[in-house]
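All remarks here apply to the structure that follows.
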Amino acid sequence: MARVVQGRRVGGARPPAARGGGPPPRRPPARSSPVPRTPVLRRHPIASLEARGRTIRDPVEKLRFLRRSLERYEALDERLQAVPGAPLRWLAFRLTGVEEARPLFSGNPWGALDPPRRARPPLPRRARRAANVAALLLVAAAGLALASYPRSRPAPAVPIAAAPSTSPAEALDPLPRGVAPARVWMVDSGPGFELYSNGLRIETTYSIAGEPRRYRVFEIGQGMGSEVLDRPVGIVYHTSESDIWPLEESFNEKLRDSSQNLLRYLKKNRVYHYLIDRFGQVFRVVHETDKANHAGMSVWSTGSRAYLNLNGPTVGVSFETRWEGGRALPITRAQFEAGRSLTDYLRDKWSIEADMCVTHGLASVNSRKHLIGHHLDWARGFPFEALGLPDHYRRASPAVVLFGFGYDEQFLAVMGEPWPGVEEAERRLEDEAAAAGRTVDELRRERAGTYDLWLDEQTREAETAEKAAAATARRAASGG
Amino acid sequence: MAENKDHLWKSPEDSPEKIEDLVKGGSHPVGIDVGTSKVVVSRRGGKDVACASQLNAFIPVPYSPVTERTIQQQSDIHYYRDGDEIVIFGSATERFANMFNAEARRPMADGLLNPKEKQAWPVLEAILQSLVPKPRSSSEVLAFSVPAAPPGREAQLTYHEASLRQHFTSLGYKAMAINEGLAVIFSELEDHNFTGIGVSCGGGMCNATLAFLSIPSIMFSLPKAGDFIDHSVGEAVGEHATRVKVIKEEGLDLSRTPADKLEKALHIYYEDLVETLVDTLRRTIARAEKLPRTERALPIVLSGGTVKPRGFRELFERTLRGRSFPIEVAEVRVASDPLTATARGAHIAAMFEK
């Protein structure tokens with residue numbers, strides 16, 4: 001084979017690497033030294049990784065080092081994002097410089113259309129210790145900063161009640177009767193927006209089609225129904241758990257950027273049908289008629305009907321905020337008002353029952369371990385009443401009462417105590433067990449078995465439908 | 001069709017190109033470049049990395065016992081019988097195309113499974129089967145290359161990627177797809193911590209990827225490459241595309257003044273291809289919303305059969321210099337072995353996942 005010409009500089013920053021021609025050069029033997037440890041508290045993570053990467057000569061080892069280091073930075077980033085309070089988080093990011101590595105956090109590191117699922121390694125002990133020390137330092141620094149904070153400074157225009165408090169979330173006032181129109185209809189629409197009679201304005205510039213909505217309902221005590229449905233019958237409320245900057249004029253650019261970045265991410269991954277940003281703007285992401293990714297493993301019920309995966313039957317509405325434990329209301333008044341108008345519009349358009357308007361935290365489950373509260377956003381503190389909805393925190397948890405689900409230590413560590421509906425459901429289970437002369441554990445196991453059966457049936461049915469659709473597409477493509 | 005034609009296979013043990021011949025035993029990850037023009041496989045054999053390839057083409061000839069016996073007497077011909085035809089595939093195709101004075105057919109077009117070719121999947125499956133042995137254990141990893149999604153053809157890429165994944169999984173491999181440009185970066189830019197631009201110009205399309213520390217930031221594909229040059233030149237000078245390809249591969253020198261009409265046309269279409277490629281690269285990088293901050297200039301590495309003519313690198317560099325480029329470029333170089341760079345990169349990815 002012809003020997004290839006080697007490179008020359010175009011920009012002139014570094015001399016080209018010396019390379020031989022002909023067949024691929026044999027690589028020097030792999031370095032047997034251990035993979036360098038991940039740097040954690042570095043102001044410039046990329047430069048640090050570059051320097052360490054250059055010391056590894058085996059390509060596979062080098063790739064392992066780079067990929068694992070980046071995954072650990074991503075895990076650190078997630079940990080720092082959980083630091084309570086935006087100014088404190090901002091300081092944490094400044095100290096660690098982890099934001100610099102953020103463009104390298106990729107859900108698709110092989111560049112394929114269908115990326116493999118990743119199992120992210122936990123932070124090593126050394127890194128965890130460093131992160132904890134950093135958090136302590138941050139708390140101390142924040143304390144000092146607060147002590148020297150000028151008292152005459154005006155309060156932010158719309159405060160975010162992000163700091164944990166012991167009092168329950170404050171419910172906003174219900175809308176006075178007679179203000180809202182009895183029906184909601186589209187008044188105007190144009191490129192990038194829709195305007196409705198209740199004042200709701202939906203921005204449609206990020207709107208995208210999802211997978212066709214297709215689901216079946218389970219009849220309690222019977223099993224999966226035969227009818228395939230394609231209309232939404234519920235709403236699931238979420239929090240975006242994204243970057244939240246202080247609502248102050250000086251952060252305008254950050255506030256705008258983080259919302260735009262979030263919307264791009266949601267559009268790319270087809271997450272949620274609606275996002276309500278910090279200023280109360282309502283953005284449509286996935287079309288309402290299609291399925292979005294927002295509440296995959298979840299359980300909810302109304303009357304004699306049970307739903308095992310709420311992506312199919314519900315519309316996902318997310319507030320751009322962090323839940324922060326739900327002991328304070330984490331949304332702005334503008335978001336609340338937009339949420340109320342959007343709920344009215346959706347309920348009117350699709351005839352959605354109030355019983356089917358639920359939060360993600362109340363419905364999310366870990367299907368494998370039969371645990372409730374796999375995701376906990378709005379597991380406490382959602383202003384149901386102010387949105388004209390029943391308080392679902394008091395309603396017996398369907399996952400517990402129908403399928404015997406429980407909760408674990410992690411759940412209690414975040415929640416402190418389960419919401420009242422879980423206790424109500426457990427009381428019912430105890431009563432039923434006593435009436436049947438069985439133990440609660442036996443009853444739970446039996447009901448968890450029913451859940452597994454139903455879930456399996458649902459999965460197989462979805463796979464069959466998918467295969468049939470693919471076969472139809474193939475037949476259409478081959479002209480037969 | 002695939003499931004009931006096993007008895008018609010010529011024994012794969014006869015294949016001189018079969019990768020298993022190059023591997024002495026043990027469990028080894030596999031990297032495969034599934035290209036429009038060629039399928040290249042890379043696998044570690046002892047201390048070295050070994051590559052094997054097959055032409056991704058076929059030609060059906062009428063069946064007769066005499067023809068089949070003649071074919072059987074030659075050990076380097078792969079074929080299967082399909083009703084009243086014998087389908088010859090792989091590297092022997094060109095020989096038969098010349099013999100029958102016919103154009104070779106391709107299972108793939110523009111980097112993806114050819115939707116207009118009825119035989120596309122059975123033939124590609126046969127070619128892959130002739131190159132890839134059955135895994136020795138269920139945990140053997142196989143990484144195969146896929147192009148970046150061509151604009152408007154995402155659904156076709158989904159089908160292409162899923163079909164290949166399904167095929168390799170059914171063989172017993174743990175299959176993973178890797179972007180073609182990224183694979184080039186893995187095989188050629190290790191010295192740069194897998195940071196830079198990998199360009200792969202094959203038969204059906206050009207693929208380019210910009211990666212930082214092994215993570216792809218920008219990927220695009222261009223449905224214009226070697227086949228485009230062959231057909232355009234063929235139409236311009238009234239020659240068969242197959243003959244243009246032969247002349248192109250036999251010794252085209254883009255740094256020399258063209259000697260005849262055909263060479264002149266080859267120069268023109270090569271320049272057109274490079275102009276389009278550089279321009280798309282420039283526009284895509286300029287439009288990128290967020291690139292990681294880096295102080296250093298980035299290398300560009302060129303690979304694939306289309307970059308093989310002498311003078312291609314200089315043409316690319318000249319075109320690049322003639323434009324304002326949004327990032328600083330440290331060097332432009334041709335891969336150490338342009339034909340196997342993608343497969344070797346996929347092999348590194350497979351070893352990573354092992």
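The values are calculated or read from the model by the stated rules, or taken from the named source; none is laboratory data. Quantities reported herein were computed from a predicted structural model and do not represent experimental measurements. Counting neighbours? That spans all protein chains shown, and the Cβs are built from the backbone with ideal geometry, glycine included. Heads up: the accessible areas ignore ligands, DNA and RNA and are worked out on the full protein's heavy atoms, side chains in. Shrake-Rupley method; radii C 1.70, N 1.55, O 1.52, S 1.80 Å.
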Self-check item: the stretch A:276-292: number of residues that are at negative phi and free of Cβ contacts under 8 Å to residues at least 60 places away in the same chain
Solution: 3
Quiz prompt | Filter pass, residue B:171 being more than 9 Å from chain A (Cβ to nearest Cβ) and open to solvent by less than 10 Å² (accessible area, probe 1.4 Å) | solution = no
Quiz item: Can you tell which of A:321, A:302, A:314 is closer than 29 Å to residue A:404 by Cβ, open to solvent by less than 10 Å² (accessible area, probe 1.4 Å), of a type outside the set (Gly, Ala, Ser) and modelled with pLDDT under 95?
Solution: A:302
Exercise. Filter the stretch B:336-354 down to residues that are outside any helix (DSSP H, G or I) and in contact with a strand residue (DSSP E or B) (Cβ under 7 Å, 6 or more places away or on another chain) and give me whichever is most open to solvent (accessible area, probe 1.4 Å).
Key: B:354
Quiz item: If you scan the stretch A:198-212, which residues turn out to be surrounded by 14 or more Cβ atoms within 10 Å (Cβ to Cβ), assigned to a loop (DSSP other than H, G, I, E, B) and aliphatic (A, V, I, L, M)?
Solution: A:200
Quiz prompt | Residues that are surrounded by 22 or more Cβ atoms within 10 Å (Cβ to Cβ) and either out of contact with any Ser or Thr (no Cβ under 7 Å at 6 or more places or on another chain) or of a type in the set (Val, Ile, Thr) (or both), drawn from the stretch A:346-356 | solution = A:346
Exercise. Could you tell me whether the stretch A:331-341 includes any residue that is open to solvent by 20 Å² or more (accessible area, probe 1.4 Å) and of a type outside the set (D, E, K, R)?
Key: yes
Quiz prompt | Which listed residue, of B:138, B:145, is open to solvent by less than 10 Å² (accessible area, probe 1.4 Å) and among the polar types (S, T, N, Q) | solution = B:145
Quiz item: Mind checking which residues of the stretch B:66-90 are in contact with a helix residue (DSSP H, G or I) (Cβ under 8 Å, 6 or more places away or on another chain) and touching a residue at least 60 places away in the same chain (Cβ under 8 Å)?
Solution: B:75, B:76, B:77, B:78, B:79, B:80, B:81, B:82, B:90
Quiz item: Considering A:266, A:275, A:262, A:247, which residue is in contact with a strand residue (DSSP E or B) (Cβ under 9 Å, 6 or more places away or on another chain) and not in a helix (DSSP H, G or I)?
Solution: A:275
Practice problem: Answer with yes or no whether residue B:158 is at the interface with another protein chain (Cβ under 9 Å from one of its Cβ atoms) and either free of Cβ contacts under 8 Å to residues at least 40 places away in the same chain or surrounded by fewer than 20 Cβ atoms within 10 Å (Cβ to Cβ) (or both). | Solution: yes
Quiz item: Out of the stretch B:297-339, which residues are more than 7 Å from every other protein chain (Cβ to nearest Cβ) and among the polar types (S, T, N, Q)?
Solution: B:303, B:306, B:319, B:324
Self-check item: Answer residue from the stretch A:463-480, given it is under 12 Å from residue B:115 (Cα atoms) and of a type in the set (A, V, I, L, M, F, W, C) and is modelled with the highest pLDDT among those
Solution: A:476
Exercise. Taking residue B:267 as the residue in question, decide whether it is in contact (Cβ under 8 Å) with a residue 40 or more places away in the chain and away from chain A (no Cβ under 13 Å).
Key: no
Practice problem: Return yes when residue B:304 is at pLDDT below 90 and at positive phi and no when it is not. | Solution: no
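So that you can scan it fast, the table gives a plain yes or no per residue for (1) open to solvent by 50 Å² or more (accessible area, probe 1.4 Å); (2) in contact (Cβ under 8 Å) with a residue 24 or more places away in the chain; (3) not basic (Lys, Arg):
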position	(1), (2), (3)
A:192	no, no, yes
A:196	no, yes, yes
A:214	yes, yes, no
A:223	no, yes, yes
A:234	no, yes, yes
A:241	yes, yes, yes
A:246	no, yes, yes
A:252	yes, no, yes
A:257	yes, no, yes
Quiz prompt | Set B:177, B:183: member being in contact (Cβ under 8 Å) with a residue 12 or more places away in the chain, open to solvent by less than 10 Å² (accessible area, probe 1.4 Å) and in a strand (DSSP E or B) | solution = B:177
Self-check item: In the stretch A:366-398, the residues that are under 21 Å from residue A:332 (Cβ atoms), out of contact with any Gly (no Cβ under 8 Å at 6 or more places or on another chain) and part of a helix (DSSP H, G or I)
Solution: A:385, A:386
Exercise. Take the stretch B:67-82 and flag every residue that is open to solvent by 70 Å² or more (accessible area, probe 1.4 Å), over 17 Å from residue B:122 (Cβ atoms) and among the charged types (D, E, K, R).
Key: B:69
Practice problem: Sort out which residues of the stretch B:212-262 are away from chain A (no Cβ under 14 Å) and in a strand (DSSP E or B), and write them in order of number. | Solution: B:222
Practice problem: Would you be able to tell me the number of residues in the stretch A:57-84 that are in a loop (DSSP other than H, G, I, E, B) and buried (at least 19 other Cβ atoms within 10 Å of the Cβ)? | Solution: 1
Quiz item: Going by the conditions given, is residue B:189 more than 13 Å from residue A:111 (Cβ to Cβ), more than 7 Å from chain A (Cβ to nearest Cβ) and either touching a Lys or Arg at 6+ places or on another chain (Cβ under 6 Å) or surrounded by fewer than 24 Cβ atoms within 10 Å (Cβ to Cβ) (or both)?
Solution: no
Quiz item: Taking the stretch B:238-254 on its own, how many of its residues are without any contact (Cβ under 8 Å) to a residue 60 or more places away in the chain and surrounded by fewer than 16 Cβ atoms within 10 Å (Cβ to Cβ)?
Solution: 7
Quiz item: Only one of (1) in contact (Cβ under 8 Å) with a residue 60 or more places away in the chain; (2) open to solvent by 20 Å² or more (accessible area, probe 1.4 Å); (3) within 7 Å of chain A (Cβ to nearest Cβ); (4) under 17 Å from residue B:218 (Cβ atoms) fails for residue B:284. Which number is that?
Solution: (3)
